[in-house]
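**Q** To start, I am sharing the structure in question, which I have written as structure tokens.
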Amino acid sequence: MAAEAEMMEASGPAIDPMHQFTLKPLFGEGPIHWYTPTNATLWMGIAVLGVIALLVLGTRRRAIVPSHTQSVAELAYGFVYQMVKDVAGKEGVKYFPYIMTLFIFIVFANFLGLIPLSFSVTSQIAVTVMLALLVFVSVTLLGFYKHGLKFLGLFWVTQAPLALRPILAIIEVISYFVRPVSHSIRLAGNVMAGHAVIEVFASFAASALIAPIALVGIVAMFGMDVLVAFIQAYVFTILTCVYLKDALHPSH
Amino acid sequence: MTTPTTEAAGHAAEGMAEAAGHAAESAGGMPQLDFSTYPNQFFWLAVALVLIYLILSRVALPRIEAVLSERQGTITGDLAAAEELKQKAVEAEEAYNKALADARAEANRIVAETRAEIQAELDEAIARADAEIAAKSAESEQAIAEIRASSEKAIKDVARDVAKAIVASFGVKADARAITAAVTQRMKG
């Protein structure tokens, strides 16, 4: 412990890859109240503007033969729509706007977070936890609303032998309540790890000896983060669809 | 040496556990676990999500859906029109083939008819020519027979005259009747 601390002190300016995730008030100093506009607020706002630019301004001509931007907007629409329909079934299509909202927000937040010196909204556990809880709570309520107590059949595996069913039920209940935890930490963890590793490489680049390796590392990590930005949005969305399917069709 | 560092580490851990806002400031801590910023993030995230949801459900999604279905409609319409045109082309080709076959049949009929006509005319002409030839040859035969008859008589006359002259030249008075009989006898032989 002591040696570790010494090493950190010895390496000059301490490498603090987590500093980038700190919330700061946009205007002046001071405590962050619930209404204070922060850097997170700013980048969420930019994400909203991005959504408007892509999905509203990009489609304003309603062209039969689409422009580039309109193509991308239609692609995003078709991608999520197909996902909802394939995973959650035809009844799930009703909830497509909510799922599209989640997907498009996460995609924009992830990609905006890749801009150097920006703030990555989805690296905040507060944000992903709220998204995951939104999904968890609304899906659970929807399940009970649609099926009443029969929704609990989700935990009662009727294909299994009777003796095993109570044990399976306990496992199912635990896994059900772990869902929002994994759902949220997966997204925040991936985004955060990618950014932190880039920053670690970047701090190595200050030393001329290993700068080339560090630069290659930064480029490689950035390339991977671009993939992660999309894949994690996709994973979050498809899991939401899976949970929605469980709520609509709880029987095993 | 040991005491301050462990204290510092302990302090950092404390800060993280307490999550009272100091965690963000202490090096190595996770700013994400600074729970004092959570209400702020929850609030602004809710605002952002509601805004995006309103934009999507009111404007963007209906518009994209309309564009996509319109495009689908256009494509379906175009395909139907193409199918119709193709059908028309097939029909036109059939009509053309039928007209061609009709014309060919008509032509064959005309050819056959004309051939029959010509054949009839030809037959008639041949018959007429044959009759003419027969008439002409009969006429000629008659003429030849006449000529032959007249020439026989002339020969007989000449022979009798010559015989009479020969006999006279011998100084004998020729018996006209005996000479005629002899000439006739000779010419028969």
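**Q** For the stretch A:78-125 and the stretch B:27-96, what is the separation of their Cα centres, given in Å?
**A** 13
**Q** Could you identify which residue out of A:Gly45, A:Gly89, A:Gly148 has the top mean-square fluctuation in a GNM of chain A using Cα springs shorter than 10 Å?
**A** In the Gaussian network model the winner is A:Gly148.
**Q** I'd like the accessible area for A:Ile32: 1.4 Å probe, protein heavy atoms, all chains in place, Å² to the nearest 10.
**A** That residue has around 40 Å² of solvent-accessible surface.
**Q** Here is a follow-up. Collect residues whose amide H, placed 1.01 Å from N in the peptide plane, falls under 5 Å from the amide H of A:Thr38; neighbours closer than 5 in sequence don't count.
**A** A:Leu26
**Q** Just name one of A:Leu248, B:Ala92, B:Leu33: the one whose Cα is farthest towards the positive end of the charge dipole of the protein assembly as shown (beta-carbon charges, Lys/Arg +1, Asp/Glu -1).
**A** Comparing the listed Cα positions along the dipole, B:Ala92 ranks first.
**Q** Separation between the B:Ala89 and B:Ile166 pseudo-spin-labels, each 7 Å from Cα along Cα→Cβ, expressed in nm?
**A** For B:Ala89 paired with B:Ile166, the spin-label model returns 10.9 nm.
**Q** Interface A/B, total buried accessible area with a 1.4 Å probe, nearest 100 Å²?
**A** Using a 1.4 Å probe, the pair buries roughly 4100 Å².
**Q** Between A:Ala220 and B:Ile118, what's the calculated FRET efficiency when r is the beta-carbon distance and R0 is 60 Å? Round to 0.05.
**A** Efficiency, from the Cβ-Cβ distance: 0.05.
**Q** Moving to a separate point now. With just the Cα atoms defining each centre, how far is the stretch A:186-252 from the stretch A:24-45? Give it in Å.
**A** Computed from Cα coordinates, the inter-centre distance equals 25 Å.
**Q** Starting from 0 in steps of 10 Å, tell me what percent of the Cα-Cα pairs of chain A lands in each bin.
**A** Pairs per bin, as whole percents: 6, 23, 28, 23, 13, 6, 1.
**Q** Can I ask one more? Can you compute 3J(HN,Hα) from phi for each residue in the stretch A:169-183, using the Karplus curve 6.51 cos²θ - 1.76 cosθ + 1.60 with θ = phi - 60°, rounded to whole Hz and x for Gly and Pro?
**A** Working through the residues one at a time gives 4, 4, 4, 4, 4, 4, 5, 5, 7, 7, 3, x, 5, 5, 4 Hz.
**Q** Taking θ as phi - 60°, what are the ³J(HN,Hα) couplings along the stretch B:146-161 by the Karplus curve (6.51, -1.76, 1.60), each to the nearest whole Hz, with x for Gly and Pro?
**A** 4, 4, 4, 4, 5, 5, 4, 4, 5, 4, 4, 4, 4, 4, 5, 4
**Q** Moving to a separate point now. Under a Cβ-Cβ cut-off of 12 Å, what is the net charge of the residues other than A:Ala196 that fall near it, where Lys and Arg count +1 and Asp and Glu count -1? Display every interim value, and only then the final one.
**A** Values: positive: none; negative: A:Asp16, A:Glu199, A:Asp225.
After counting each charged neighbour, the total is -3.
**Q** Hey, another quick one. Would you mind counting up the charge near A:Phe136? Only other residues with Cβ under 12 Å from its Cβ, with Lys and Arg at +1 and Asp and Glu at -1.
**A** 0
**Q** While we're on this one: Magnitude of the Cβ-charge dipole of the protein assembly as shown, K/R +1 and D/E -1, about the Cα centre, nearest 20 debye?
**A** Here the size comes out at about 1960 debye.
**Q** Which percent of the accessible area of chain A is formed by carbon and sulfur heavy atoms (probe 1.4 angstrom)?
**A** Working: 9760 of 13070 Å².
Of the solvent-accessible surface of chain A, carbon and sulfur hold 75 percent.
**Q** To continue, here is another question. In whole Hz and in residue order, list the ³J(HN,Hα) couplings for the stretch A:60-68 that follow from phi through the Karplus curve 6.51 cos²θ - 1.76 cosθ + 1.60, θ = phi - 60°; x for Gly and Pro.
**A** So the J values, rounded to whole Hz, are 5, 7, 6, 6, 5, 9, x, 6, 4.
**Q** Quick check: at a probe of 1.4 Å, how many percent of the accessible area of the stretch B:24-188 sits on carbon and sulfur atoms?
**A** Carbon and sulfur atoms account for 62 percent of the accessible area of the stretch B:24-188.
The values are calculated or read from the model by the stated rules, or taken from the named source; none is laboratory data. Remember, predicted model here, so these are calculated numbers, not experimental data. No Cβ is skipped: glycine too gets one built from the backbone with ideal geometry, and neighbour counts run over all protein chains shown. SASA here: full protein model, heavy atoms, side chains in, ligands and nucleic acids out. Shrake-Rupley method; radii C 1.70, N 1.55, O 1.52, S 1.80 Å.
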